[in-house]
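First up is the structure itself, then whatever we jot down about it.
The values are calculated or read from the model by the stated rules, or taken from the named source; none is laboratory data. Please read these numbers as outputs of a predicted model, since none were measured by experiment. Quick reminder, even Gly has a Cβ in these numbers, built from the backbone with ideal geometry, and neighbours come from all protein chains shown.
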Amino acid sequence: MKVRSILVAMMLVLTLACSGKNTLTPSVSGAYEFVVTSNVTGGVTLVEANLATSGSQISASGPGQVQILTLEKKIWYVNGVCPGATPGQNSIAASLSGNNISLTFSEGGNALPTQGTVTGTTIEGNYSITGSTCPDLQGLTGFPPGVDSGGFIGNHVPPLAGTFSGTLNLPDGIDDAALTLTQNPGQTLTVSVVLTGPVDNGTFTLTGSTVGNVMFVSGLVNGNNLNLFGYFDRAGAFTKMPNSLLVFDYDTQVNAGLLIGQ
């Protein structure tokens with residue numbers, strides 16, 4: 001009986017191999033970071049997402065599921081360099097067929113369709129568009145208006161947590177800050193903020209969500225609402241400092257400072 005079972009298993013493997021087809025569709029879900037690089041502008045757009053999969057369909061939408069940050073010519077753009085008509089209202093829609101994927105990033109309404117492949121948990125591909133209304137793609141020397149092309153790679157990322165400290169330039173002044181991030185079920189986030197400065201002194205609690213490698217949180221500091229957007233650069237690929245948290249005042253889109261993991 002054991003010999004028969006082994007023979008049946010071997011015949012099944014041979015049948016699948018001889019068919020020349022991969023019958024398995026990979027599962028893509030959870031926290032992802034997509035690095036999208038433009039061959040035209042040289043800019044790098046980070047698309048952070050909490051992906052959900054239903055069959056062959058993949059989706060994410062809204063601030064709690066998709067956040068975008070662009071680095072172009074050493075300038076950071078919260079919500080991307082092409083934020084569209086509804087900044088911050090981003091989405092991802094994708095369809096899988098075997099290991100092939102058709103994926104569209106929407107940056108506040110500006111759509112970027114791509115084609116790629118899935119290998120394990122890595123998604124990689126290219127894009128080419130014409131007729132884009134993004135202001136960043138207008139008036140570029142050597143390129144027709146609205147033309148862009150490039151590539152992207154997406155990888156699953158671990159939970160966002162830890163303590164980060166340094167100096168933050170906040171609305172009430174420049175403070176010494178220590179932020180302790182605790183990720184809860186469902187990608188919700190609690191941040192304990194210890195501030196020492198001319199006005200802000202004490203411990204405050206901000207709440208919100210983790211989206212890929214981004215924190216998006218808000219709360220009261222001395223009775224004033226504070227909205228923070230933070231990008232965690234694990235390897236230091238963009239901030240040049242490994243294990244760092246680049247923090248922005250979301251209301252003003254201003255870079256508030258770089259905190260280092262402890």
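Here is the figure for segment 237-246: residues that are more than 16 Å from E72 (Cα to Cα) and under 15 Å from the mean Cα position of the chain (by Cα) total 1. A single member of G261, G202 is surrounded by 14 or more Cβ atoms within 10 Å (Cβ to Cβ) and farther than 16 Å from A31 by Cβ, and it is G261.
Taken over segment 104-134, the residue count meeting the criterion of being in contact with a strand residue (DSSP E or B) (Cβ under 7 Å, 6 or more places away or on another chain) and part of a strand (DSSP E or B) is 20. Taking segment 83-93 as the range and being hydrophobic (A, V, I, L, M, F, W, C) and either modelled with pLDDT of 95 or more or not in a loop (DSSP other than H, G, I, E, B) (or both) as the test, the residues that pass are I92, A93. Scanning segment 60-98 for residues that are more than 14 Å from the chain's Cα centre (by Cα) and buried (at least 20 other Cβ atoms within 10 Å of the Cβ) turns up V81, C82, P83, A94, L96.
Evaluate segment 94-102: report whether one residue or more is under 19 Å from S59 (Cβ atoms), of a type in the set (S, T, Y), in contact with a Phe, Trp or Tyr (Cβ under 8 Å, 6 or more places away or on another chain) and assigned to a strand (DSSP E or B). No - not one qualifying residue is present in segment 94-102.
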